[in-house]
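The values are calculated or read from the model by the stated rules, or taken from the named source; none is laboratory data. Computed from a predicted structure; not experimentally measured. With ideal geometry, Cβ positions are generated from the backbone for all residues, glycine too; neighbour counts draw on all protein chains shown. Only protein heavy atoms, including side chains, enter the accessible area calculation; ligands, DNA and RNA are left aside. Shrake-Rupley method; radii C 1.70, N 1.55, O 1.52, S 1.80 Å.
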Amino acid sequence: MSSFSITETGLSAVETALSTVSDNLANADTVGFKSQSADFETLLGQNIGDNALGGGVAVSGASTDFTEGTLNQTGQPLDMAIQGDGFFIYQTSAGQQVYSRNGQLTIGPKGTLLGPNGDELLGYTVQSNGSLGTVGPIQIPQTLLAPAASATVSLAGNVKASDT
């Protein structure tokens with residue numbers, strides 16, 4: 001490998017790393033965005049006599065930083081955030097499941113919770129015995145619940161001895 005080729009691999013790797021940094025900066029304010037960093041590897045060179053010559057460098061991939069970001073108040077009653085590990089699971093209109101940490105939600109016309117792209121938020125159904133059922137779209141009832149009379153009322157408190 002010539003010295004020009006080795007230099008070219010370095011320039012190509014730096015260009016990829018700069019593109020990764022540019023993408024991180026461009027998406028810094030994107031809800032749920034996770035930054036990436038370029039991973040480098042040494043290319044195998046050749047041996048001349050007893051000397052091992054490097055073959056240059058390449059970008060072997062990108063590592064995503066999954067550390068938790070800051071939680072911000074949005075003032076929207078349906079917005080959610082994940083503390084710790086995990087993702088929201090959304091289902092696209094084509095039936096494909098996608099994962100995101102973006103919890104900006106609205107209620108759709110069918111009463112299902114929708115993500116920022118209009119995809120339905122998925123969750124487990126709960127059986128009558130309390131066990132988890134199947135995964136499906138989360139439905140928010142859009143009708144009023146039937147009223148139920150209170151059967152008992154309890155009150156706890158203190159009354160001053162000097163009160164009449």
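Numerical summary
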read-out: Any hit, the stretch 130-142, residues being part of a loop (DSSP other than H, G, I, E, B), at pLDDT below 90 and among the hydrophobic types (A, V, I, L, M, F, W, C); value: yes
read-out: Any hit, the stretch 70-79, residues being closer than 24 Å to V31 by Cβ and assigned to a strand (DSSP E or B); value: no
read-out: Top-ranked residue of the stretch 94-112 - restricted to ones that are assigned to a strand (DSSP E or B) and touching an Asp or Glu at 6+ places or on another chain (Cβ under 7 Å), ranked as farthest from V31 (Cα to Cα); value: T112
read-out: Restricting the stretch 54-97 to residues that are among the β-branched types (V, I, T) and under 30 Å from T42 (Cβ atoms), the residue that is most open to solvent (accessible area, probe 1.4 Å); value: T67
read-out: Residue within the stretch 101-118 that is touching a Pro at 6+ places or on another chain (Cβ under 9 Å) and hydroxyl-bearing (S, T, Y) present; value: yes
read-out: Selection within the stretch 1-42 - β-branched (V, I, T), surrounded by 12 or more Cβ atoms within 10 Å (Cβ to Cβ) and outside any helix (DSSP H, G or I); value: V31, T42
read-out: Residues (touching a Leu at 6+ places or on another chain (Cβ under 6 Å) and assigned to a loop (DSSP other than H, G, I, E, B)) located in the stretch 80-93; value: A81
read-out: Of all residues making up the stretch 135-153, the number that are within 30 Å of G118 (Cα to Cα) and either among the charged types (D, E, K, R) or open to solvent by 100 Å² or more (accessible area, probe 1.4 Å) (or both); value: 5
read-out: Condition met for D79 (touching a strand residue (DSSP E or B) at 6+ places or on another chain (Cβ under 6 Å), modelled with pLDDT of 90 or more and charged (D, E, K, R)); value: no
read-out: Positions within the stretch 124-158 being out of contact with any Asp or Glu (no Cβ under 9 Å at 6 or more places or on another chain) and in contact (Cβ under 8 Å) with a residue 24 or more places away in the chain, in sequence order; value: V135, Q139, I140, P141, Q142
read-out: Residues located in the stretch 28-59, provided they are under 26 Å from S100 (Cβ atoms) and modelled with pLDDT of 85 or more; value: S35, Q36, S37, A38, D39, V59
